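Contents: one structure, followed by commentary.
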Number of protein chains: 4
Amino acid sequence: MIVMKQDATEEEIQAVIERVEGAGARAHRINGEELTVIGALGDREHVQKLELEGSPGVEKLLPIQKPYKLASSQIRHGEPSVLEIGGRKIGGDNFALIAGPCTVESREQTLGTAATVAAAGVTLFRGGAYKPRTSPYAFHGLGQEGLRLLAEAKRETGLPIVTELMDVRDLEPVLEVADVIQIGARNMQNYTLLTELGRAGRPVLLKRGLSATLEELLNASEYILKEGNEAVMLCERGIRTFETAYRFTLDLTAVPVLKELTHLPIIVDPSHAAGRRDLVQPLSLAAAAVGADGIIVEVHPNPDEAICDGPQQLVAAEFAAYAEKVAQAAAVAGKTISTLAAEATAA
Amino acid sequence: MIVMKQDATEEEIQAVIERVEGAGARAHRINGEELTVIGALGDREHVQKLELEGSPGVEKLLPIQKPYKLASSQIRHGEPSVLEIGGRKIGGDNFALIAGPCTVESREQTLGTAATVAAAGVTLFRGGAYKPRTSPYAFHGLGQEGLRLLAEAKRETGLPIVTELMDVRDLEPVLEVADVIQIGARNMQNYTLLTELGRAGRPVLLKRGLSATLEELLNASEYILKEGNEAVMLCERGIRTFETAYRFTLDLTAVPVLKELTHLPIIVDPSHAAGRRDLVQPLSLAAAAVGADGIIVEVHPNPDEAICDGPQQLVAAEFAAYAEKVAQAAAVAGKTISTLAAEATAA
Amino acid sequence: MIVMKQDATEEEIQAVIERVEGAGARAHRINGEELTVIGALGDREHVQKLELEGSPGVEKLLPIQKPYKLASSQIRHGEPSVLEIGGRKIGGDNFALIAGPCTVESREQTLGTAATVAAAGVTLFRGGAYKPRTSPYAFHGLGQEGLRLLAEAKRETGLPIVTELMDVRDLEPVLEVADVIQIGARNMQNYTLLTELGRAGRPVLLKRGLSATLEELLNASEYILKEGNEAVMLCERGIRTFETAYRFTLDLTAVPVLKELTHLPIIVDPSHAAGRRDLVQPLSLAAAAVGADGIIVEVHPNPDEAICDGPQQLVAAEFAAYAEKVAQAAAVAGKTISTLAAEATAA
Amino acid sequence: MIVMKQDATEEEIQAVIERVEGAGARAHRINGEELTVIGALGDREHVQKLELEGSPGVEKLLPIQKPYKLASSQIRHGEPSVLEIGGRKIGGDNFALIAGPCTVESREQTLGTAATVAAAGVTLFRGGAYKPRTSPYAFHGLGQEGLRLLAEAKRETGLPIVTELMDVRDLEPVLEVADVIQIGARNMQNYTLLTELGRAGRPVLLKRGLSATLEELLNASEYILKEGNEAVMLCERGIRTFETAYRFTLDLTAVPVLKELTHLPIIVDPSHAAGRRDLVQPLSLAAAAVGADGIIVEVHPNPDEAICDGPQQLVAAEFAAYAEKVAQAAAVAGKTISTLAAEATAA
């Protein structure tokens, strides 16, 4: 929709109509009492390339079609996608509880945490081998040694692994251990990375950038989907607002809104949003109650000694009680925590 | 804490120390390797009046004490306030379900909605007689006629009434019907109105401004509390962020953070935050699960015909099922919807 | 413009068309390849009252007409308003330099500052007698005694006075001394106050709320204009963003955008935005260069001893040099500082 | 500074002191009347690794030292860096006017624009060969063919070239033509890219992320500086706020604040912030008046036919008049546009 200025001349209106039709679209003119509106109907891509904003006589453009296709809920007629990762379903009525340490620090910490969360019935195990850090002077992860420890945790517990990739040059070693590759908020619009993941075909957990709109998040997922990789989960992890009383503002409104816009499963990360352990449980319950398809949280045997993000990691000894409360909140929204046992029972 | 610049001279440091001590506070100097920090210890009000920011040699001020006293959780040693309104408790384990039409439009609509929500077991009945509207050309409420209809609804259902006050000149008629006086987001810092409500002594539901920090919200409540009115509830109703995919961003992180900072009950308004009916239920469940002390929602017998905010009002016929789900989510957070019947049973 | 969902049924489309026509507007249907759009053409107010958002089959509404009329630049065919206050013009090529203390503290401070800024050739003198403060424990101004000192400053210098009104009950004494009544950011949507000012007929300086959109600011001005008071200036004073390295984000993009949307003069307040004296001059030069119709700044003979906002007040002894730089920056944008002398010369 | 809770026990206080001292820092305890504060004095990195937030008894941490070193203005004792690029100075009193097309589209467009801006006396020529785009379906630049056209423009005009790098795998061809490598806002925290640029040693123009704080921007520059590359310019290009009346909010307050925090030159990009041609000139004048060390703008011979970002590109035929106004505004801030001729004259 192209809204012309009240004082647009007939010449200016005609010029716009000609440019619309020159781009292969149909122009539909509406003469209002105060102003004229021109509808440009046609192929999404052609109309998008018509950059009419700021042209003579043009007041503003009102986009009607969404710029993404494969991520849209329309492509599946409103039916949600259900991913299957290592035999665990995610999406629909299947709630993913994803837990593990922020960073892989040592064999003992990694295997101990994995055993604890496996016993509590989580869906996937998470752990960072490569860590993006705001300061160049901070700890950046154990790298390949961290990946080896994650592989060992997988052998011991059978839990599929979620781990972050930051540099396209690390893709091969990450593919050897990761069942799900996480893309962090800072890399949400790192298009070369997204394209490579689309080609790699491994499931992706794509985190929303700190100030990314939902449309930008969906556009970013489209970079992966259009390479043929349909296994994408989106992750809300807090947005940046004016409030300084806590770290980020967890945007739970985004969950039902995204579920209307897209068929992809929506995961919530309360740990990074809050940055404080005492907020993780209430926000986890809220995320489950609002209808998220899963949550991803950080757990550590002794958070006070964690190398990074200690203050936000749940205490491993308290994890089972926490998981039980999350299951209750998910039940209010009609969902069940997905585990291999749950699948077996269902079958 | 006053942080001096790295290149602050000894004279500048002494000048700051003198100003601190001149204000009746004790100055505590810490010489670091790179810079000097001066702690100003003393009466909160005196130290606040020392406006040292920008003084020569001063890098920045780091406030340590909170600027509010009576709203602080410390004043009650961490014990939450439990208000009692028309025999219904709010706070602690008592969850307030507050419902009713956005605006009082007619006798039939008001009494019909009141009967519906009373039957579903709500705590309080809400309805607007005076409506703040962004545009001067919009409908601004029935005024005193609206108040009369609310009084009738109260007689018929026994439900206590929540209604908004905008103009201090309307205080008297509002006091005749309101059990709780609501202050809208636009008036959160209308200090003359807050002071009058403090004096009036009637319970107040104070809504957070669209871009008010939690500290500003608590400071605003302090205007009411310091006049001797202790019955204040705070209300999160969505904040303004960059996201345009929905109306406001409901800040549910604010709930557990506020509950740590203050003893006052925290209510959530999902209707105004979302602006869309289909988002109200998921956000209500999330608000209950996150630990709010209540929610306030809008209900209409036929929202499509509502004079204002139709799109966000719940349909009266579906309200009982909605209330049942809210009760389940509140239970996950350890709370029970407060009604007169509940009180009677407990007694 | 009403955009229907892709899967909207013909019945839903007809229902929307009927509601549009039932409201007295004309419905104009456009059948696109993927979806249907309905244009509702007719009286602004009637169409606004059609709250179709959320109705069955409706994807979204795209408003085309602006909700304000009298503030719109269209009403004056793009010609800017030029106000005349005490013989000084504001608007068009006339740049208003408005200066004075944050708060009227004493006779000496007020008259001394007034003499200094008068000598430097300012347009208007500002000073606060009633001060809104975030904390109830802070200093709230001298009140009527402050007004008397402002009246004395006016007699001595001949400068018209700008002072803030917070409470409608103080309107009469303020009208006795104020040539321009300032409405602070916290009261931008205090509609009862705006309406009374519209009736009072005195020029108004309306500050933008911390998170008010430009459309909301224009709507707020419409409350004054529609009562017949055409002498309104709008004031950008910093908005609230995520950045914490300074107090508020001065939104200078708002200036040229507002000048396209409205005929009203646009003033910028760099003092409150920055909160730090060293930022006031660069921001003042930027405001003048971007095309503002004036700036309002705070000046104090000895800011370190100011009762409030000392850190942001310019030092009186440096004001003349500052005013000279501002005049240069205004000249780049084609404007001249407006004084009585300038008027006399022009005549 | 570690602020303990009012009800922190002596044991909790001692535990914090032990952890501070265990990290090799000195703990300095201050017993206030209401609460206890512990200063942790010592090496920046060790103290940073003490993640005490959320530890028992800890209310909050107040960081005093800045996390970046090499970008800090202290490292040069307040003296600004002056870069020299192809004989043109940038920084100090030298203002960089950087202009050219958004995207290199064709030989004629590129060479024509280069000739126009060279004639108007710009400092550097900009042009995009690799373009990050929100949608995967948009045009992504000519790539290596674009680099060849930029090299030709450089040979013809002698102007140094600024062009964007997105993918570390394109570094070598970009190094062959670029005098300055631009890192876009989406890649501000792409740490692998920043580190490679630090090693490459070529001057870098680092754009601020849409919601990056100034501290995060400086931390990002530190990734480049710490590899030994000192030639970094920072670029403000608009931040994301709640306002929807224009594309981004140009944060001009950031300019004087950054100039106090860092010695690096600060450039402003008004084209991407505004997204509309009519806003580019007022915002350019404001950027020059506020004290920026340069601006980077987009120019096109015929913006209506531009492949991307047409609406925001200046018209080449109007560029000389625009450059003249910018020079006037820069002069108000005491700066002169830097060209080879200016250098020669100065020598």
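Nothing in this text is a laboratory measurement; each read-out follows from the coordinates by a stated rule. Just so you know, these numbers come straight off a predicted model, no measurement behind them. Heads up, the Cβs are rebuilt from the backbone with ideal geometry, glycines too, and the neighbour counts pull from every protein chain shown.
Can you pull the semi-axes for the range B:116-178, root of five times each eigenvalue of the Cα gyration tensor, sorted largest first, whole Å?
Ellipsoid semi-axes (Å, largest first): 23, 14, 9.
Does the range D:186-334 come out rounded, prolate or oblate, given a ≥ b ≥ c as the square roots of the eigenvalues of its C-alpha gyration tensor, rounded meaning a/c under 1.5 and, failing that, prolate meaning a/b above b/c?
Since a/c reaches 1.5 and a/b is larger than b/c, the shape of the range D:186-334 is classed as prolate.
Could you tell me which residue in chain B puts its beta carbon nearest the axis mapping B onto D, with the distance rounded to whole Å?
B:LEU62, 2
Taking the Cα centre of the protein assembly as shown as the origin, how large is its charge dipole in debye, to the nearest 20, when only Lys and Arg (+1) and Asp and Glu (-1) carry charge on their Cβ atoms?
Computed about the Cα centre, the dipole is about 0 debye.
What are the residues whose amide H is under 5 Å from the amide H of A:LEU205, where those residues sit 5 or more places off or on another chain and H is modelled from the backbone?
A:ILE181, A:GLN182, A:ILE183, A:MET233
Taking R0 as 41 Å, what's the FRET efficiency between C:ARG199 and B:ALA331 from their Cβ-Cβ distance, rounded to 0.05?
With R0 = 41 Å, the Cβ-Cβ based efficiency is 0.20.
In terms of the Cα gyration tensor, with a ≥ b ≥ c the square roots of its eigenvalues, is the protein assembly as shown rounded because a/c is under 1.5, prolate because a/b exceeds b/c, or oblate?
rounded
Which ³J(HN,Hα) values in Hz, rounded to whole numbers, follow from the phi angles of the range B:133-143 under the Karplus curve 6.51 cos²θ - 1.76 cosθ + 1.60, where θ = phi - 60° and Gly and Pro get x?
Listing the rounded values in order: 10, 4, 9, x, 8, 8, 6, 10, x, 7, x Hz.
Where the label is 7 Å out from Cα toward Cβ, how close does A:GLY334 come to the same position in every other copy, in nm, shortest first?
Here the equivalent label points are 3.0, 6.1, 6.7 nm apart from this one.
Based solely on C-alpha atoms, express the radius of gyration and the Dmax of the range C:211-296 in angstrom.
Rg and Dmax of the range C:211-296, Cα atoms, are 13.2, 42 Å.
Once the label point is set 7 Å along the Cα-to-beta-carbon vector, what list of distances in nm do you get between B:GLY86 and its counterparts in the other copies?
Listed shortest first, these distances are 5.4, 5.4, 7.6 nm.
Can you work out ³J(HN,Hα) from phi for every residue in the range B:197-212, in order, using Karplus 6.51 cos²θ - 1.76 cosθ + 1.60 and θ = phi - 60°, giving whole Hz and x for Gly and Pro?
5, x, 6, 5, x, 7, x, 10, 10, 9, 8, 6, x, 4, 10, 7
First check a/c for the range B:51-138, with a ≥ b ≥ c the square roots of the eigenvalues of its C-alpha gyration tensor; if it is under 1.5, answer rounded, and if not, answer prolate when a/b is larger than b/c or oblate otherwise.
Verdict is oblate for the range B:51-138.
Can you tell me the dipole magnitude for chain C around its Cα centre, using point charges on the Cβ only (Lys, Arg +1; Asp, Glu -1), in Debye to the nearest 20?
With only Lys, Arg, Asp and Glu charged at Cβ, the dipole is about 600 debye.
Mind checking the dipole of the range D:1-147: about its Cα centre, +1 per Lys or Arg Cβ, -1 per Asp or Glu Cβ, Debye to the nearest 20?
For this selection, approximately 920 debye.
Hey, rough spin-label estimate for B:ARG29 and D:PHE139, points 7 angstrom out along Cα→Cβ, what's it come to in nanometres?
6.6
Choose one of A:ILE13, A:VAL104, A:ALA289: the residue whose Cα lies farthest towards the positive end of the charge dipole of chain A (beta-carbon charges +1 Lys, Arg; -1 Asp, Glu; about the Cα centre).
My answer, from the dipole projection, is A:VAL104.
Find every distance from the label point of D:GLU305 to the corresponding label point in the other copies (7 Å from Cα along Cα→Cβ) and write them in nm, one decimal, shortest first.
Label point to label point, same position, other copies: 6.0, 7.0, 7.0 nm.
So what are the ³J(HN,Hα) numbers for the range A:12-23, from phi and the Karplus equation (6.51, -1.76, 1.60; θ = phi - 60°), rounded to whole Hz, Gly and Pro as x?
Values, residue by residue: 5, 4, 5, 4, 5, 4, 5, 5, 4, 6, x, 8 Hz.
Could I have the simple spin-label model distance between B:GLU11 and D:GLU156, label points 7 Å from Cα toward Cβ, reported in nm to one decimal?
Here the answer is 6.0 nm between the modelled labels.
Exactly which GluC sites (Glu not before Pro) in the range D:271-347 are in a DSSP loop and have at most 16 other Cβ atoms within 10 Å?
Here no GluC sites (Glu not before Pro) fit, given the DSSP loop and packing criteria.
Of the cross-linked pairs D:LYS154/D:LYS226; A:LYS259/B:LYS207; C:LYS69/D:LYS207; C:LYS325/D:LYS60, which ones have a Cα-Cα span greater than 32 Å in the structure shown?
Exceeds cut-off: C:LYS69/D:LYS207; C:LYS325/D:LYS60.
Could you work out the equivalent-ellipsoid semi-axes for chain D, taking the square root of 5 times each eigenvalue of the Cα gyration tensor, largest first, in whole Å?
Rounded to whole Å, the semi-axes are 43, 20, 20.
Select from A:ILE38, A:ILE30, A:ILE295 the residue whose mean-square fluctuation is largest in a Gaussian network model of chain A (Cα-Cα springs shorter than 10 Å).
A:ILE30
What residues qualify as long-range amide H neighbours of D:GLU105, i.e. H under 5 Å apart, gap of 5 or more or another chain, H built at 1.01 Å from N?
D:THR110
Amide H neighbours of A:VAL297 under 5 Å, at least 5 residues apart or on other chains, H built in the peptide plane: list them.
A:ILE98, A:ALA99, A:GLY100
Given a Förster distance of 60 angstrom, what is the FRET efficiency for A:SER106 paired with B:VAL315, based on the Cβ-Cβ distance and rounded to 0.05?
The computed FRET efficiency comes out at 0.60.
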